[in-house]
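Student: Got a structure for you, written out below as structure tokens; questions coming shortly.
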Amino acid sequence: MIADVGNGLAAAAAQSGAMHSATDISHRNTAILVSGAGAAQAINAGCPQDLSLAVFPVGACARTVFGKIEIVLLRTADDAFRVECWRSFSDYAFGLLHEGAQDAGL
């Protein structure tokens with residue numbers, strides 16, 4: 001079976017000659033943008049990733065954990081990050097970020 005994934009991947013998969021299944025999961029994730037002077041502190045409230053600029057510079061991206069969930073973390077500027085997680089975990093992630101910011105006095 002081939003599902004229409006909307007960007008030509010289904011057509012490419014159909015040409016493969018192998019049994020396969022293609023499923024669109026593009027709406028599975030959501031992003032939370034975290035920025036400001038305490039952004040790294042708020043994220044580190046639940047994430048063990050070293051967010052110093054020397055180790056995690058602008059443009060760096062990592063799959064890591066945040067509390068009890070898996071995230072993809074992207075540094076977009078010195079003081080800005082994009083936290084991507086499954087939509088079903090977004091309330092949890094946002095709540096933990098909020099608590100981290102409060103703990104950091106932000």
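The values are calculated or read from the model by the stated rules, or taken from the named source; none is laboratory data. This one's a predicted model, so the numbers in the text were calculated from it and none came from an experiment. Cβ sites come from the backbone with ideal geometry, for glycine too, and all protein chains shown count toward neighbours.
Student: In the set Ala62, Ala80, which member is small (Gly, Ala, Ser), under 15 Å from Ile32 (Cβ atoms) and modelled with pLDDT of 95 or more?
Tutor: Of the residues listed, the single one that is small (Gly, Ala, Ser), under 15 Å from Ile32 (Cβ atoms) and modelled with pLDDT of 95 or more is Ala80.
Student: Moving to a separate point now. Cβ-Cβ below 7 Å, separation at least six or inter-chain, first residue in the range 22-47 and within 14 Å of Arg75 (Cα to Cα), second surrounded by fewer than 16 Cβ atoms within 10 Å (Cβ to Cβ) and among the aromatic types (Phe, Trp, Tyr): which pairs?
Tutor: Filtered contacts from the range 22-47: Ile32/Phe94.
Student: When you check Asp91 against the structure, is it more than 11 Å from the chain's Cα centre (by Cα), farther than 12 Å from Ile32 by Cα and acidic (Asp, Glu), yes or no?
Tutor: no
Student: Count, please, the residues in the range 17-37 that happen to be of a type outside the set (A, V, I, L, M) and either modelled with pLDDT under 70 or over 20 Å from Tyr92 (Cα atoms) (or both).
Tutor: Selection size over the range 17-37: 7.
Student: Mind checking which residues of the range 43-79 are surrounded by fewer than 16 Cβ atoms within 10 Å (Cβ to Cβ), closer than 20 Å to Gly105 by Cα and touching a Leu at 6+ places or on another chain (Cβ under 7 Å)?
Tutor: Asp78, the sole residue that qualifies.
Student: Let me ask another. Among the residues of the range 8-16, is there at least one that is of a type in the set (Ser, Thr, Tyr) and modelled with pLDDT under 80?
Tutor: Yes, because at least one residue in the range 8-16 is of a type in the set (Ser, Thr, Tyr) and modelled with pLDDT under 80.
Student: Checking Ser21 against (1) part of a helix (DSSP H, G or I); (2) of a type in the set (Ser, Thr, Tyr); (3) surrounded by fewer than 15 Cβ atoms within 10 Å (Cβ to Cβ), only one condition comes out false. Which one?
Tutor: All conditions pass for Ser21, except number (1).
Student: A follow-up question, please. Go through the range 25-80 and give me each residue that's of a type in the set (A, V, I, L, M, F, W, C) and part of a loop (DSSP other than H, G, I, E, B).
Tutor: Listed by number, the residues that qualify are Ile25, Ala37, Ala45, Cys47, Leu51, Leu53, Ala54, Val55, Phe56, Val58, Ala60.
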